[in-house]
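The values are calculated or read from the model by the stated rules, or taken from the named source; none is laboratory data. Quantities reported herein were computed from a predicted structural model and do not represent experimental measurements. Backbone-built Cβ (ideal geometry, glycine too); neighbour counts: all protein chains shown.
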Amino acid sequence: MLQFIKSNSLLSLLLFVVLGGLFAFLHTQQGFSYFPWEIKNYLIGQKLNQGFRLYKDIRDNTGPFATGFYQLLDFLSIPLSYNPYVAFLFISTQAYLFHTTIAEFDLMPKLGGLAFGVYLLLFHLSAEFHVPDPALMGLTFILLAWKEIIQQQKTLLVNDRVFLVGIYLATATLFFPAYFWLFPWAILSLLFYSGVSIRQIILVLIGYLFILTIASLVFSFRGNLPYLWQVYRNSAFTFHLISWQESKLVLFSFAPAIVMGIAGLYQVVGNPKIRAHAQKAQQTTIIWFFFSFISMANFPSYHRINFVLLLPPLAYFGLNLFYLIKKNWQKELTFVLLLSAVFFTAKQDQSSLAIAAKTPDKIPVNGQKLLILGPEIQEYLHNQMAGPFVNWDLAKPLLSQLDSYKNVIIVQDYFVKDQPTYIYDSEGYFAKIGQHLPHITQQYVLVSPKLYKKK
């Protein structure tokens with residue numbers, strides 16, 4: 001099997017694309033419940049198309065380019081059930097970039113479609129990877145920057161195309177703010193392993209600032225630039241600690257990739273087969289891996305999808321096994337073990353999703369305009385969302401501080417602009433709203449525990 005993959009590049013690429021598309025289709029037929037953050041992203045697109053302003057009204061820490069993409073999906077009426085296909089489009093594009101970078105710059109001997117296949121395979125470790133998350137979309141531009149850096153390292157004659165590195169990394173940051181920490185990776189990689197000049201480093205910086213400046217001007221015209229910077233402070237420069245429970249979940253899901261990557265890196269160390277320019281690429285990727293951990297400390301949440309930044313380096317290191325191991329049967333065995341490990345990990349993940357899918361709905365309302373004062377975002381799947389509270393953790397402070405006249409006016413405007421037919425109050429905020437805006441709460445009557453209906 002491995003010999004076929006390595007000897008028929010085009011056929012193997014097509015085979016992997018067909019298999020990946022088939023897995024995406026099968027995932028849509030399983031009837032799994034949607035992730036809360038997946039629903040949140042979908043609702044952000046809806047609210048933006050309804051005229052609510054990002055960050056000022058829609059309080060969330062998703063990057064602006066990602067929210068623009070969700071707005072486009074809503075505008076095109078692409079349903080939430082198509083997420084696996086959208087995610088596969090991004091993953092297959094990334095796999096192609098990964099494959100062409102290795103082949104074009106001769107980083108390894110001829111591997112056919114193996115690089116493409118291994119990349120696709122690792123992105124089936126978790127069901128979360130079937131969602132077009134900001135971290136996944138932004139990774140596309142990290143790979144473009146990686147390809148450009150390696151191109152500049154191939155000779156000592158760095159050209160002005162380094163400007164593109166800054167553009168790619170700024171774009172990735174506007175998808176997922178924590179990717180800011182990949183900018184130092186690019187600068188160090190160029191300084192250490194290329195003949196880059198000070199002028200060209202400045203070009204990288206100009207490319208980076210150029211994209212950020214355009215985004216800032218757009219937000220400035222809409223009057224919510226301060227909110228954009230606040231999101232970036234909270235999402236790129238605020239360090240968090242991952243809990244032990246979250247760590248175990250991530251380590252289990254990524255275990256096949258981690259083991260393969262470490263084993264491949266071990267094979268590389270001190271091996272005379274690695275060419276000089278390939279050594280630069282390996283060292284550049286190691287620096288990427290190091291800065292990924294700094295980026296991880298700034299993640300707004302520790303869903304496994306956010307850790308996809310680790311997968312391209314691990315895939316690249318792991319590919320060394322398939323040409324540094326001498327015996328063909330050992331290479332075949334390595335590939336079979338990788339397939340088995342990914343299948344087992346994905347199966348365990350799907351089992352946990354199947355259990356979660358059996359959770360019954362809490363609200364006996366369907367097809368109504370609904371406002372939820374609580375974290376039960378999945379209830380919006382069968383109703384039309386009212387108000388901009390897509391991220392309850394960030395929206396809750398607004399309702400907790402109604403002693404402020406400004407906050408009272410904001411809440412009143414939301415009710416006037418997008419008044420719900422039903423309100424589900426799981427955390428007791430409706431009574432607090434009534435203390436400051438009685439004319440609003442008096443329009444509703446309690447019809448069941450925590451559920452209010454407009455008279």
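Some points to look at:
- A single member of VAL18, VAL86, VAL118 is in the same structural domain as ALA276 (by TED's automatic domain parsing), over 20 Å from the mean Cα position of the chain (by Cα), part of a helix (DSSP H, G or I) and among the β-branched types (Val, Ile, Thr), and it is VAL18.
- Only one of PHE123, PHE105 that is aromatic (Phe, Trp, Tyr) and over 17 Å from LEU310 (Cβ atoms): PHE105
- Taking the criterion of being aliphatic (A, V, I, L, M) and either at pLDDT below 95 or within 14 Å of VAL390 (Cα to Cα) (or both), the only residue of segment 58-75 that qualifies is ILE58.
- Subset tally (residues that are in contact with a Phe, Trp or Tyr (Cβ under 9 Å, 6 or more places away or on another chain) and in a loop (DSSP other than H, G, I, E, B)) for segment 135-175: 1
- Residue within segment 70-85 that is of a type in the set (A, V, I, L, M, F, W, C), under 27 Å from ALA315 (Cα atoms) and touching a residue at least 12 places away in the same chain (Cβ under 8 Å) present: no
- Some residue of segment 237-247 being in contact with a helix residue (DSSP H, G or I) (Cβ under 7 Å, 6 or more places away or on another chain) and either among the hydrophobic types (A, V, I, L, M, F, W, C) or surrounded by 14 or more Cβ atoms within 10 Å (Cβ to Cβ) (or both): no
- The numbered conditions (1) under 30 Å from PHE123 (Cβ atoms); (2) outside any helix (DSSP H, G or I) are all true for GLY223 except (1).
- The set of residues in segment 236-260 being small (Gly, Ala, Ser) and either in contact with a Ser or Thr (Cβ under 9 Å, 6 or more places away or on another chain) or outside any helix (DSSP H, G or I) (or both) consists of ALA236, SER243, SER253, ALA255.
- The set of residues in segment 304-324 being at pLDDT below 90 and under 12 Å from the mean Cα position of the chain (by Cα) is empty.
- Pairing residues of segment 227-238 that are among the β-branched types (Val, Ile, Thr) with residues that are in a loop (DSSP other than H, G, I, E, B), at Cβ distances under 6 Å and at least 6 apart in sequence or on separate chains, gives VAL231/TYR55; VAL231/ASN61.
- Residue in segment 152-172 that is free of Cβ contacts under 8 Å to residues at least 24 places away in the same chain and touching an Asp or Glu at 6+ places or on another chain (Cβ under 9 Å) present: yes
- Candidates are the residues of segment 259-285 that are of a type in the set (Val, Ile, Thr) and buried (at least 17 other Cβ atoms within 10 Å of the Cβ); the one that is farthest from TYR316 (Cα to Cα) is ILE274.
- When THR67, THR100, THR62 are checked against the criterion of being of a type in the set (Val, Ile, Thr) and either closer than 25 Å to GLN282 by Cβ or in the same structural domain as SER253 (by TED's automatic domain parsing) (or both), a single residue qualifies: THR100.
- Test: residue in segment 250-258 that is closer than 27 Å to THR345 by Cα, surrounded by fewer than 19 Cβ atoms within 10 Å (Cβ to Cβ) and without any contact (Cβ under 8 Å) to a residue 24 or more places away in the chain: yes
- Of the numbered criteria (1) in contact with a His (Cβ under 7 Å, 6 or more places away or on another chain); (2) closer than 22 Å to ILE377 by Cβ, the one VAL408 fails is (2).
- Residues that are surrounded by 23 or more Cβ atoms within 10 Å (Cβ to Cβ) and of a type in the set (A, V, I, L, M) within segment 140-153 comprise ILE142, ALA145, ILE149, ILE150, listed in sequence order.
- Test for LYS327: is it farther than 21 Å from GLN30 by Cβ, assigned by TED's automatic domain parsing to the domain that holds PRO132 and either at pLDDT below 85 or hydroxyl-bearing (Ser, Thr, Tyr) (or both): yes
- Unique residue being of a type outside the set (Ser, Thr, Tyr) and crowded, with 21+ Cβ neighbours inside 10 Å when the list is ALA103, ALA66: ALA66
- Evaluation of VAL416 against the conditions (1) among the hydrophobic types (A, V, I, L, M, F, W, C); (2) within 19 Å of ARG59 (Cβ to Cβ); (3) modelled with pLDDT of 90 or more shows that the sole unmet condition is (3).
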